[in-house]
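A.B. asks: There's a structure below that I have some questions on.
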Amino acid sequence: MFARILNRWAPRALAGAALSLALLSGTAAHAFTEEHVIILIDRSGTMRTTRASGQTRFADALVRGRDFVQTPNALPRLFAIWTFEGGGYRREQGFEDGPTTVASLSRLSVGAGATPLALAVCDAADELLQFGPGIDARKVVRLISDGEENSTPEATLCYGPPSATRYPDLEEGSWEWKVRNMLKTGDPLRDSPNPFQLVFDADVFFNHITLAPEPFFLTFVQEVAKASGGRYTPIDDIRPLPIPGDTDGNGCVDSVDYRFMLANYGLRVPPASPAADFNGDRVVDFTDYSIVLGNLGRGCNTVLPPVLPVHEVRE
């Protein structure tokens, strides 16, 4: 029954998709040839916190990292891994392919120090801007953390007090102002009206009862991700870990998610819902279709029947 339901939906949604995508081609995004990513994982002491699932934040951060690497993408990608705690960060892996990165993630361990977030984000941005000169690559800082800056060394460029005002009216000289500038211009002391040079994705673990980290920090991360063309994912400790393809956040990828994706297929975001754009490229297309199919049944209590590939679906 499940497969028949999906097969009735797919042709209708996909029939008009070719025209929609043809109209979008050439305008959906800059014509990048590669994507370079630094996965920046917080290994500070609070990442030892146990979530309602029974897993620590750090263990689930590694799952999120693996999911990100294994999610289909239109561009060839290279990944580096950095972790941060105390007064600095570690370069755990240089730029490598997906399988190598997944193996490296499995070898990481949590620490016990504080959170030099500003230092790590600024230096990761600088590393990305210097990597692969001459290659027209989309540059992405992928942050996975549970707290705001509290231990960047004073002698570093992105050190600063917290801003007394919210984004976008950040206090000049604050660490938030410097991090925003670094992602936007490559210079922590210079703002610009031009678009961001780097994309900022952020997964932030938090506890809805204690409201930690502070709302100012959550607003900052969310708005910088949005302004840079990235994706912000808040992860409440009492909620299931987000799964690629799960459009309604119930921790299960099922027929509801499949139909929701098909209803948005072939559209830009907006008018398409961002929830159906699983890889964050602002278009709901075959890559998103592949993501929901690849995770169909994940997190669910029942086994779902297989679904035909899109090119085999018939009325």
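A.B. asks: If you take just the helices (runs of 4 or more DSSP H) that sit entirely in segment 199-315, which of them hold at least 2 residues that are modelled with pLDDT of 90 or more and charged (D, E, K, R)?
C.D. replies: Values: elements: 215-228, 255-264, 286-294.
Because the criterion is at least 2 residues that are modelled with pLDDT of 90 or more and charged (D, E, K, R), the helices (runs of 4 or more DSSP H) in segment 199-315 that meet it are 215-228, 255-264.
A.B. asks: What's the number of the condition VAL256 fails, among (1) touching a residue at least 12 places away in the same chain (Cβ under 8 Å); (2) outside the structural domain of ALA155 (by TED's automatic domain parsing)?
C.D. replies: VAL256 satisfies all of (1) touching a residue at least 12 places away in the same chain (Cβ under 8 Å); (2) outside the structural domain of ALA155 (by TED's automatic domain parsing) except (1).
A.B. asks: Looking at THR165, THR115, which one is under 28 Å from ALA59 (Cβ atoms) and of a type in the set (S, T, N, Q)?
C.D. replies: THR115
A.B. asks: A further question follows. Regarding LEU62, is this residue buried (at least 24 other Cβ atoms within 10 Å of the Cβ), touching a residue at least 40 places away in the same chain (Cβ under 8 Å), hydrophobic (A, V, I, L, M, F, W, C) and touching a helix residue (DSSP H, G or I) at 6+ places or on another chain (Cβ under 9 Å)?
C.D. replies: It is false that LEU62 is buried (at least 24 other Cβ atoms within 10 Å of the Cβ), touching a residue at least 40 places away in the same chain (Cβ under 8 Å), hydrophobic (A, V, I, L, M, F, W, C) and touching a helix residue (DSSP H, G or I) at 6+ places or on another chain (Cβ under 9 Å).
A.B. asks: Let me ask something else. Count, please, the residues in segment 80-107 that happen to be among the aromatic types (Phe, Trp, Tyr) and either in contact with a Cys (Cβ under 7 Å, 6 or more places away or on another chain) or closer than 15 Å to THR152 by Cα (or both).
C.D. replies: Qualifying residue count, segment 80-107: 2.
A.B. asks: Same structure, new question: For segment 35-140, which helices (runs of 4 or more DSSP H) that fit wholly inside it have 3 or more residues that are under 24 Å from SER290 (Cα atoms) and of a type in the set (Val, Ile, Thr)?
C.D. replies: Helices (runs of 4 or more DSSP H) meeting the threshold: 98-105.
Listed here are the residues, each with its yes/no results for (1) at pLDDT 95 or above; (2) in a loop (DSSP other than H, G, I, E, B); (3) surrounded by 22 or more Cβ atoms within 10 Å (Cβ to Cβ); (4) among the hydrophobic types (A, V, I, L, M, F, W, C).
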site: GLU154; (1), (2), (3), (4): yes, yes, no, no
site: PRO168; (1), (2), (3), (4): no, yes, no, no
site: GLU172; (1), (2), (3), (4): yes, yes, no, no
site: PRO188; (1), (2), (3), (4): yes, yes, yes, no
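A.B. asks: Further, regarding this structure: Quick one: in segment 246-282, which of the residues that are over 22 Å from GLN70 (Cα atoms) and of a type in the set (S, T, N, Q) is surrounded by the fewest Cβ atoms within 10 Å (Cβ to Cβ)?
C.D. replies: Out of the qualifying residues, it is SER273.
A.B. asks: Any residue that is surrounded by fewer than 17 Cβ atoms within 10 Å (Cβ to Cβ) and under 23 Å from ASN279 (Cα atoms) - is there at least one of those in segment 103-126?
C.D. replies: Scanning segment 103-126 turns up at least one residue that is surrounded by fewer than 17 Cβ atoms within 10 Å (Cβ to Cβ) and under 23 Å from ASN279 (Cα atoms).
A.B. asks: Conditions first: (1) at pLDDT below 95; (2) under 28 Å from ASP288 (Cα atoms). GLU148 passes all but one, so which condition is the exception?
C.D. replies: Result: GLU148 passes all but (2).
The values are calculated or read from the model by the stated rules, or taken from the named source; none is laboratory data. All figures in this text were calculated on a predicted structure; none of them were measured in a lab. Because the Cβ atoms are built from the backbone with ideal geometry, glycine has one as well, and the counts that use them run over all protein chains shown.
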